[in-house]
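Single-structure report; data block below.
Bear in mind that the values in this text are calculations on the coordinates, not laboratory data. The model shown is predicted, which means the values in this text are computed figures rather than measured ones. Heads up, the Cβs are rebuilt from the backbone with ideal geometry, glycines too, and the neighbour counts pull from every protein chain shown.
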Amino acid sequence: MQTINREELEAMNGREKRDFVLINVLPREDFKREHIRTSINIPKASEDFSDEVERVTGNKERAVVLYCANFDCPLSTEAARELDETGFRHVYDYEGGTADWLKHHH
């Protein structure tokens, strides 16, 4: 697992044109309230979290970027650790989360 910051995520999204899945790991209600536009929601609390991620990515080789609410929210780090342990090869934790992203993208 690697942690990335907003600039790195912007680069992956923009000029690098990386193939990755951006996943919000918060409960559905929080996701509905606000999220990063290109992301999907797979709550960390899901019983089969890593299986759901694999269903979406198609395989464990595809890059996955996880995020939650803000720098203080531990969920994305926990989720990244779980994906690491279940064999995902390219896991990134965007620690700033929704709060950091929306502060710079309106």
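Residue ranges 84-90, 24-30 sort as 24-30, 84-90 when ordered by packing (mean number of other C-beta atoms within 10 Å per residue, highest first). Full extension of the chain between THR86 and GLU52 gives 11.0 nm of extra length, using 0.36 nm per residue less the Cα-Cα distance. Search the structure for amide H atoms under 5 Å from the amide H of THR3, placed 1.01 Å from N in the peptide plane, and list their residues when 5 or more places away or on another chain. Under 5 Å from the amide H of THR3 lie the amide H atoms of ASP93, each far enough along the sequence or on another chain. Peptides 68-77, 44-53, 94-103, 11-20 ranked from most to least packed by the mean count of surrounding Cβ atoms within 10 Å: 94-103, 68-77, 44-53, 11-20.
The phi torsions of the range 44-56, fed into the Karplus equation with coefficients 6.51, -1.76 and 1.60 and a -60° offset, translate into couplings of 4, 6, 4, 4, 10, 3, 5, 5, 4, 4, 5, 4, 6 Hz, rounded to whole numbers, with Gly and Pro shown as x. Take the Cβ atoms of GLU61 and ARG28, set R0 to 30 Å, and the FRET efficiency comes out at 0.60. One chain, two ends: ASN41 and ASN13. Fully extended at 0.36 nm per residue, the span grows by 8.3 nm beyond their Cα-Cα distance.
Which of the peptides 54-62, 34-42 is most tightly packed, and how do the rest follow, judged by the mean count of other Cβ atoms within 10 Å per residue? Present the calculation step by step, with values, prior to reporting the outcome.
Working: 54-62: 13.3, 34-42: 16.0.
Order by mean packing, descending: 34-42, 54-62.
For the range 2-104, what's the relative contact order in percent, using C-alpha pairs closer than 8 Å and at least 6 residues apart?
Result for the range 2-104 is 33 percent.
For the chain, the Kirkwood estimate of hydrodynamic radius, built from reciprocal distances between every pair of different alpha carbons, is 13.4 Å. Each residue of the range 2-9 was assigned a 3J(HN,Hα) from its phi angle through the Karplus curve 6.51 cos²θ - 1.76 cosθ + 1.60 (θ = phi - 60°); the sequence is 10, 8, 10, 9, 4, 4, 5, 5 Hz, with glycine and proline shown as x. In the chain, helices alone account for a calculated mean residue ellipticity at 222 nm of -11000 deg cm²/dmol, with every DSSP H run of four or more residues adding -39,500 (n - 2.57).
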